[in-house]
Structure formats: C-alpha cells, structure tokens
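Following: one structure in structure tokens, then a few remarks.
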Amino acid sequence: MKYFTHIDTPIGKILAVKKQNILYELFFPENNRPITPDALWKEDKIRFLKETREISDYFSGQLKEFSNICLPEGTDFQQKIWKALLDIPYGSVISYQEIAEAAGSPQAARAAGNALNKNPLPIIIPCHRVIGKNGNLRGFGGGLPVKQYLLEHEQKFL
C-alpha cells in the first residue's frame, strides 16, 4: 500500500509518497499546481509528520541535513550516485564529473546525470547541488528555476 500527503513549501505543494513506512518518492508541483496522487493511494498526514516537519525546517533554514534517509530502490550505480549526493555539504555545489568521481566512476559523468534524473527523493537526496563543470545549471526535475531557488536558499542560510 502507498500513502501520500501534500507538503506546503515556498516552491509549491510537494507530493510525498510512502510505501509502507518508508519515504518512497517526492514530486514537485508542475506549473505551480500540485501533482494529483494515484487513485489507489491513501492519504495519511499522520504517517508523514517527521517528513513534513523536516521539509518545513529545511525551508525555514533550520535544517541542513535530513535524518534517517533510506536510499531508494535503484541500480547499483544509481545507489552509488545517490549515496555520494548525501556527502555534498549544505550550500555547496559540485559538477557532474565530480559526483561521478565520488561514486567511483570518473568516466561516467553522463551516466551520473541520468542517475540524478532518476532520484525519487529530490531535496532530501540533494541532486540540486550538482551543476555543470562550467558553473551553469543543468537539468532538474523541478525545473531550473526551482534548482536556482534551492541553491540560493541554502546560500542564504549558510
């Protein structure tokens, strides 16, 4: 069974999904409109109290690191990339090349980008902290304006 709730944030309502009691996915709003949950999912705000509090604390600048993160299901390579993302300090950025190197695959910058694209827990597993090696912002599931907002937000609360 999957459960969901909407979490109000400065970037819009994020849809949080749990499979049993494990946070499974976060979805950004599309065009400032909340994502509609699957009809088979059950709404349960109580099940998400910790995540709602931590996401709210993140956006208020009080939380720099999320607790008890379970890596999502994925390939071995995706899991290495996602684990490496957790080591990027709050307010910092690194390049796709650097994240590939941190995951032990220095020649796999493009594959690292693909793994970031599959990250089901953006913000919590901070894929927004990865940028192009020339310093330009590159793809992000929530859109580049959201990525820019998250990076500026973290700089503000360093």
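The values are calculated or read from the model by the stated rules, or taken from the named source; none is laboratory data. Everything quoted here is computed from the prediction, not taken from an experiment. All Cβ positions, even for glycine, are placed from backbone atoms using ideal geometry, and neighbour counts span all protein chains on display.
Taking segment 55-77 only, how many residues are without any contact (Cβ under 8 Å) to a residue 40 or more places away in the chain and either surrounded by 16 or more Cβ atoms within 10 Å (Cβ to Cβ) or among the charged types (D, E, K, R) (or both)? Residues meeting the conditions: 6.
Matching residues to (1) in contact with a strand residue (DSSP E or B) (Cβ under 8 Å, 6 or more places away or on another chain); (2) at pLDDT 95 or above; (3) not in a loop (DSSP other than H, G, I, E, B):
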residue	(1), (2), (3)
PHE77	no, yes, yes
LYS83	no, yes, yes
GLY104	no, yes, no
LEU121	yes, yes, no
GLY139	no, no, no
LYS147	no, yes, yes
GLU154	no, yes, yes
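Annotation note: of VAL146, VAL130, the sole residue that is surrounded by 14 or more Cβ atoms within 10 Å (Cβ to Cβ), over 25 Å from THR75 (Cβ atoms) and within 14 Å of the chain's Cα centre (by Cα) is VAL146. Annotation: of all residues in segment 1-54 being of a type in the set (Phe, Trp, Tyr) and part of a loop (DSSP other than H, G, I, E, B), the one that is nearest to LYS147 (Cα to Cα) is PHE28. Taking TYR90, is it touching an Asp or Glu at 6+ places or on another chain (Cβ under 8 Å), on the phi < 0 side of the Ramachandran plot and in the same structural domain as LEU116 (by TED's automatic domain parsing)? Answer is yes for this residue.
Going by the structure shown, is LEU151 within 19 Å of GLN62 (Cβ to Cβ) and either of a type in the set (Asp, Glu) or not assigned by TED's automatic domain parsing to the domain that holds ILE55 (or both)? It is true that LEU151 is within 19 Å of GLN62 (Cβ to Cβ) and either of a type in the set (Asp, Glu) or not assigned by TED's automatic domain parsing to the domain that holds ILE55 (or both). Does segment 90-97 include one or more residues that are modelled with pLDDT of 95 or more, in a helix (DSSP H, G or I), more than 24 Å from PRO29 (Cβ to Cβ) and out of contact with any Gly (no Cβ under 8 Å at 6 or more places or on another chain)? Scanning segment 90-97, I find at least one residue that is modelled with pLDDT of 95 or more, in a helix (DSSP H, G or I), more than 24 Å from PRO29 (Cβ to Cβ) and out of contact with any Gly (no Cβ under 8 Å at 6 or more places or on another chain), so the answer is yes.
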